[in-house]
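The values are calculated or read from the model by the stated rules, or taken from the named source; none is laboratory data. In this text the structure is predicted, and so the values were computed from the model without any measurement. Heads up, the Cβs are rebuilt from the backbone with ideal geometry, glycines too, and the neighbour counts pull from every protein chain shown.
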Amino acid sequence: MWVRLPPRAPFFFVIKRGFEAFLLPQLNTTGWARIVCSGTALFTCPAKSLCTFALGFLAALLLSGMVTAARQQQPGDVQKAGDDYRAGVAALSASNLDQALKDFQEVVRLTPSAEPGHLMVGFVLARLGRTKEAIVELEKAIALNPSDGDAQLNLALAYELNGAAAKAVPNFEKAEAATRAQGHSLPPSSLISYSRALAALRQWSAAIGKAQEAVTADPQNAELRDEFGSIYAREGDWADAREQFAEAVRLNPNSAMAHLHLGAALEAQQVSGIEELQVAYKLAPRNSAIAAELGKALALQGRDDQAIPLLQHALEAAPASVPVSYQLALAYQRTGKVQDAMVLLRKVVAAEPKNTGALTNLGLALCQTQKPKEAVPYLQRAVTLEPKNTTAREDLAAAYVQLGQFDDAVAELRSALKLAPKDARLHYNLGIAFKMQDEITEAVPELQQAERLDPSAPEAPYALGMIFTQTGRNEEAAQELNASLKLRSENGEGWATLGIAYNSLGKLPEAAAALRQAIQQLPDQADPHLTLATVLAQQGQQQEALAERKKAADLMRAHMNLQRAQVATNTGQSLLKSGSLPEAIVQFKDALSYDPNYVDAHIGLADALERQGDKLDAAAERQKANDLKKLADPQ
């Protein structure tokens, strides 16, 4: 996300200076006032100087022929217009823009064919941020006096601020020509606005030229440097943009926006800009754009836990922001907050129905929440919009697998492999899709290709090891399982299967070692104990084998009791919902007779006893549940 620094003020009003103007106490019968003047140099008028220079501007307009327009009005109207004009200037001087607007609008009403009122109404509207309305008035002023270069420049500035670059540029050209004819240049603030308009039309060379003129005229102006860097950034020239932003930071170390832009430029060059972004955030902690950019940079470094609060802050400040919503959704999705991610992804897709990234991630989120049927249309749309998007095709295949549509999954994966034939993940997924259809002949080559393409991934050799074990190819199974377990040793099922393969090969010591690894990682499963008992018996270790069988029997009994406890608890919950309290209590107590440590049964019994009025026993059951939870999770 690129954030452009807005202009220092919403509008710069250009007038002529050097007029020594004054209004006599009484208006004469030929016009607005008698005026003494000299000089015609251009400059950009700051708001605090408006009163003096606005009067001078009126003088210039009168000298340029507007006296004729005033003569067409009734003398009373002309006098009243003069009074309103002076009142408007006074209101501007006091920064009372609303009153100034009313006064100048009255001038326009009384003298609609005179340029000054339209110009001043346009100026005040622009200062109020009502740029579209300002343009209407400025266009009227230009129509009344097409040769006024200053008015032309004001109209260009208004067009640029309103995003109408194609209309702004011709007016800038005319204003610049008029200014040069008088031996002057446009002020730096106007040049940078001119540059932005050219950049919006992708006239990069001309845009950079105007921006260079601006900073040459005012080289110590940090904001102009920042604007110049923004022009380079829009073109994608990050090296030159970074140079200008760095200079802006040097000139004004307290500019949050300059630090923001420098940080963004560094990030665009694959250099960490987090330090600059953190400075920007420290300077302007309430700025949502800065929070969003810093959050995005942290997320790219895998620091989602730090990024999420910043992105949440940015979204609170700008709830309609699609880019921030998308970045936050991705951070949620990466941290397992899939439901939260899904809410934001739906919002993004609704706002940008052709955003293939959002469509793909929404489809993935729906698959993650076991909603593949709902995911398919989004993923199909992503594939239609971007047929070469292998990620969308891969996720669509995963949705088809969840739906049991294996042929469709295979078709999507084959299409993806045509686009990326050396993608190990695609070969692996295709192999798994074939395996789920029991098409082992097709599955094995795909999994072997995946293993060749990415020898560092443990999934493909593990899948091959499982297939070879099931098909009696135990030597190959042991080889593949060993390869997988070297890459990821925390795989209890893998060790158990390796133990089975070694046992089938008669490699009893190796089988026993693998099975003990499995038992260590799967302490609640009975099968590895049973297999180890068989291996130990074959080695003549009968006592050890008997001990393993006993452990297996205890685990199977505990597992069976847990299943009974779960069934009884579910029944108790149903009875509790229907209001059958005595029957529910019986079921919860039965559950605890099967498994005294089953937390859900204690909680259910506590609820039933409490509803029956037995608060003391209910509290005791809740305490037991809490104690068991603490034992299960000491933290």
- Of all residues in the stretch 368-399, count the ones that are surrounded by fewer than 17 Cβ atoms within 10 Å (Cβ to Cβ) and not in a helix (DSSP H, G or I). 5
- Does the stretch 230-279 hold any residues that are among the hydroxyl-bearing types (S, T, Y) and either in contact with a Gly (Cβ under 8 Å, 6 or more places away or on another chain) or in contact (Cβ under 8 Å) with a residue 60 or more places away in the chain (or both), and which are they? S230
- Message: Quick check on S147: is it surrounded by fewer than 17 Cβ atoms within 10 Å (Cβ to Cβ) and at pLDDT below 85?
- Response: yes
- Task: Look at the stretch 280-302 and say how many of its residues are without any contact (Cβ under 8 Å) to a residue 60 or more places away in the chain and either small (G, A, S) or surrounded by fewer than 21 Cβ atoms within 10 Å (Cβ to Cβ) (or both).
- Result: 15
- Message: Just checking: which of the helices (runs of 4 or more DSSP H) contained wholly in the stretch 303-358 hold 2 or more residues that are touching a Gly at 6+ places or on another chain (Cβ under 7 Å) and surrounded by 14 or more Cβ atoms within 10 Å (Cβ to Cβ)?
- Response: 304-317
- L191 vs. criteria more than 30 Å from S113 (Cβ to Cβ) and in contact with a helix residue (DSSP H, G or I) (Cβ under 7 Å, 6 or more places away or on another chain): yes
- Under the condition of being over 24 Å from the mean Cα position of the chain (by Cα) and among the β-branched types (V, I, T), which residue from the stretch 199-255 is surrounded by the fewest Cβ atoms within 10 Å (Cβ to Cβ)? T216
- In the set A601, A565, A584, the lone residue that is more than 48 Å from the chain's Cα centre (by Cα) and surrounded by 17 or more Cβ atoms within 10 Å (Cβ to Cβ) is A584
- Task: Output the helices (runs of 4 or more DSSP H) that fall wholly within the stretch 477-554 and possess 3 or more residues being of a type in the set (V, I, T), or say none.
- Result: 527-538
- Filter the stretch 609-635 down to residues that are assigned to a helix (DSSP H, G or I) and either surrounded by 11 or more Cβ atoms within 10 Å (Cβ to Cβ) or more than 47 Å from the chain's Cα centre (by Cα) (or both), then give me how many there are. 18
- Restricted to the stretch 400-434 and to residues being assigned to a helix (DSSP H, G or I) and among the small types (G, A, S), the residue nearest to G465 (Cα to Cα) is G431
- Return the total of residues in the stretch 511-524 being out of contact with any Asp or Glu (no Cβ under 9 Å at 6 or more places or on another chain) and either farther than 17 Å from A478 by Cβ or surrounded by fewer than 23 Cβ atoms within 10 Å (Cβ to Cβ) (or both). 7
- Could you check, for the stretch 539-553, whether at least one of its residues is touching a residue at least 24 places away in the same chain (Cβ under 8 Å) and of a type in the set (A, V, I, L, M, F, W, C)? yes
- Identify the residue in the stretch 407-421 that is more than 31 Å from the chain's Cα centre (by Cα) and surrounded by fewer than 17 Cβ atoms within 10 Å (Cβ to Cβ) and, among all such residues, is farthest from P377 (Cα to Cα). P421
- Going through the stretch 443-479 in order, the residues found to be of a type outside the set (F, W, Y) and more than 42 Å from the chain's Cα centre (by Cα) are I467, T469, Q470, T471, G472, R473, N474, E475, E476, A477, A478, Q479
- Task: Within the stretch 92-111, work out how many residues are assigned to a loop (DSSP other than H, G, I, E, B), more than 23 Å from S147 (Cα to Cα) and at pLDDT below 90.
- Result: 2
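Conditions tested, residue by residue: (1) assigned by TED's automatic domain parsing to the domain that holds Q587; (2) modelled with pLDDT under 95; (3) in contact with a Lys or Arg (Cβ under 6 Å, 6 or more places away or on another chain).
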residue: Q517; (1), (2), (3): no, no, no
residue: L522; (1), (2), (3): no, yes, no
residue: D527; (1), (2), (3): no, yes, no
residue: Q542; (1), (2), (3): no, yes, no
residue: A545; (1), (2), (3): no, yes, no
residue: R549; (1), (2), (3): no, yes, no
residue: A552; (1), (2), (3): no, yes, no
residue: A565; (1), (2), (3): yes, yes, no
residue: A568; (1), (2), (3): yes, yes, no
- Query: Quick one: would you say L362 is within 19 Å of the chain's Cα centre (by Cα) and either of a type outside the set (G, A, S) or on the phi > 0 side of the Ramachandran plot (or both)?
  - Reply: yes
- Picking from A217, A284, which residue would you name as being more than 23 Å from L311 (Cβ to Cβ) and of a type in the set (A, V, I, L, M, F, W, C)? A217
- Item | Residue within the stretch 444-467 that is in a loop (DSSP other than H, G, I, E, B), without any contact (Cβ under 8 Å) to a residue 12 or more places away in the chain and over 30 Å from N561 (Cβ atoms) present | yes
- Pick out, from the stretch 182-245, the helices (runs of 4 or more DSSP H) lying fully within it that include 3 or more residues that are among the polar types (S, T, N, Q). 188-200, 204-217
- Item | All positions within the stretch 179-213 that are of a type in the set (D, E, K, R) and within 15 Å of G229 (Cα to Cα) | R196, K210, E213
